[in-house]
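So the structure is just underneath, and the comments pick up after that.
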Amino acid sequence: MYERGLVMKKTFDSPDGILDTPSYADRLGAIIEEIDEKAFFPFREEIKATPIERRFPGERSDGYHVKKVITYRVMHPAHPFTTKLLKKKVVEAYFIWGGELDRIAEEKFRNTAVEDMSDGKFLRMLVACAMVAVRYRVLQHKEFFPNARLWSLAGVYNDASVPEHHRTQIFAKRRTCVELAGDPLALDAHILLTLVQMAQDDGTKILDALHYLTNSKEAT
């Protein structure tokens, strides 16, 4: 059984509503690892997040990028000895672009590019980015999550594991889904975050709503 209540509270809650700028990258790393461990815990395949003190290198860099603050990357060891030592053919990692987070935080404090962005809202943005990054990793591991598939408007509306009132709400707000139809990954992220937010609004803790991350019927 997965029990990490104290860590969950420390990671996702900000009781005083305040986060110091230097702590953003570390907090984001902790959030990513918490979500990743929750999803991959049954398989003992959780991975780490590494903060890097530089700006986002650009969309052409390898990996899957989330809002220029997180990159999920699969690397192939160059030397056979490394593969033998790690006992893995590939190495996975999340990279957090600390310089990019600093830039966004600075804009927040100056109130120039990010309007009405409180510390609580900033933390929720970090949680959303972390969830989308882990979601992409889940989609790469069909061996663990055979039911994982990209969320779509039709898919969520016909999914009996989604409460009917949530399906109705999403369909009622389908305009955004239609606008994102040309970008399946963006649409998937939007529906995922919407489902998790709806679950939270119903009183479910965020880590108990992560079955939507793996397209399973209930939390692992």
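Close amide-amide hydrogen proximity is noted between residue 92 and 75, each under 5 Å apart and 5 or more residues distant or on a separate chain (H modeled in the peptide plane; Pro and chain starts excluded).
Distance between the C-alpha centres of the stretch 137-175 and the stretch 55-71: 26 Å, rounded to the whole angstrom.
Remark: the stretch 164-180, residue by residue, has Karplus-estimated 3J(HN,Hα) of 4, 5, 6, 4, 5, 5, 5, 5, 5, 9, 6, 4, 4, 4, 5, 5, 8 Hz, where x stands for each Gly or Pro and the curve is 6.51 cos²θ - 1.76 cosθ + 1.60 at θ = phi - 60°. Separation of the alpha carbons by more than 21 angstrom is noted, of 67/108; 38/205; 68/108; 48/121; 38/142; 108/205, for 48/121; 108/205. If you take all other residues with their beta carbon under 14 Å from the beta carbon of residue 191, and give Lys and Arg +1 and Asp and Glu -1, the sum is +2.
No value in this document is a laboratory result; all are computed from the given coordinates. As the structure is a computational prediction, the values presented were derived from the model and not from experiment. Quick reminder, even Gly has a Cβ in these numbers, built from the backbone with ideal geometry, and neighbours come from all protein chains shown.
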